[in-house]
1. Output the strands (runs of 3 or more DSSP E) that fall wholly within segment 44-118 and possess 1 or more residues being of a type in the set (Lys, Arg), or say none.
2. Out of the residues in segment 49-68 that are within 16 Å of Ala10 (Cβ to Cβ) and without any contact (Cβ under 8 Å) to a residue 40 or more places away in the chain, which is surrounded by the most Cβ atoms within 10 Å (Cβ to Cβ)?
3. In this structure, is Ala22 surrounded by 15 or more Cβ atoms within 10 Å (Cβ to Cβ), out of contact with any helix residue (DSSP H, G or I) (no Cβ under 6 Å at 6 or more places or on another chain), at negative phi and not assigned by TED's automatic domain parsing to the domain that holds Glu111?
4. Which residues, counting only those in segment 93-113, are of a type in the set (S, T, N, Q) and buried (at least 16 other Cβ atoms within 10 Å of the Cβ)?
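The values are calculated or read from the model by the stated rules, or taken from the named source; none is laboratory data. The model shown is predicted, which means the values in this text are computed figures rather than measured ones. A quick note on method: Cβ atoms are made from the backbone with ideal geometry, for glycine too, and the neighbour counts reach across all protein chains shown.
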Amino acid sequence: MNQQTRNWYAVHTRPRWEKKVASQLAQMKIEHYIPLNKVQRQWSDRKKIILEPLFTGYVFIRLEEGQQLSVRQISGVLNFIYWLKKPAVIRNEEIETIKRFLADYQCVKLEKTVVSVHDQVRVLSGPLMERQGNVLEIKHKTVKVSLPSLGYLLVAEIQKSNIEIVSLFSDNQRIITGSNL
């Protein structure tokens, strides 16, 4: 299978079937990814860190367009996520960003959002280093990072000194460092 023609897609699963679907995908030798979030849960007698799907009800798969029918037939798969009447293609960079983000942070929260255009931000250090994106909101130390094709925000604590705002004025590009925030 040529990796150049394979794209990432998201499939919607039955509630709490993400790991069962992933098991079936593994048997079919289809590349898949379930972002697992480390979350602390408390019971009456103990606290425990557990892994639960970050995107509940979704599994990311990487395959050729011709394999979509076989994925739809997997028990627990409801359908592909669509954008403009076609299965939505998710950029490889966004999958990699999710992987790095979850490797470096625990208890990540998701917030549904509509992507809008604002100032451009560049992260200077940390797991999102050198990434640019739209500024959606900055409060105290919390910076919201947008993954546009997924339509979600990943929320993490990032020091303001690790961010710079890239503002555009006519034909010139002016950079204001994090110390000016």
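1. Numbers: elements: 47-53, 58-63, 77-80, 109-112.
Here the list reads 47-53, 58-63, 109-112.
2. Top of the filtered list is Pro53.
3. Working: surrounded by 15 or more Cβ atoms within 10 Å (Cβ to Cβ): yes; out of contact with any helix residue (DSSP H, G or I) (no Cβ under 6 Å at 6 or more places or on another chain): yes; at negative phi: yes; not assigned by TED's automatic domain parsing to the domain that holds Glu111: yes.
Yes; evaluated as a whole, the condition is true for this residue.
4. Matches in segment 93-113: Thr97, Thr113.
Yes/no matrix, rows are residues, columns are (1) in the same structural domain as Tyr152 (by TED's automatic domain parsing); (2) modelled with pLDDT of 95 or more; (3) over 20 Å from Tyr152 (Cβ atoms); (4) of a type outside the set (Val, Ile, Thr):
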{"site": "Met1", "(1), (2), (3), (4)": "no, no, yes, yes"}
{"site": "Val39", "(1), (2), (3), (4)": "no, no, no, no"}
{"site": "Arg46", "(1), (2), (3), (4)": "no, no, yes, yes"}
{"site": "Ile50", "(1), (2), (3), (4)": "no, no, yes, no"}
{"site": "Val59", "(1), (2), (3), (4)": "no, yes, no, no"}
{"site": "Glu64", "(1), (2), (3), (4)": "no, no, yes, yes"}
{"site": "Gln68", "(1), (2), (3), (4)": "no, no, yes, yes"}
{"site": "Asp104", "(1), (2), (3), (4)": "yes, no, no, yes"}
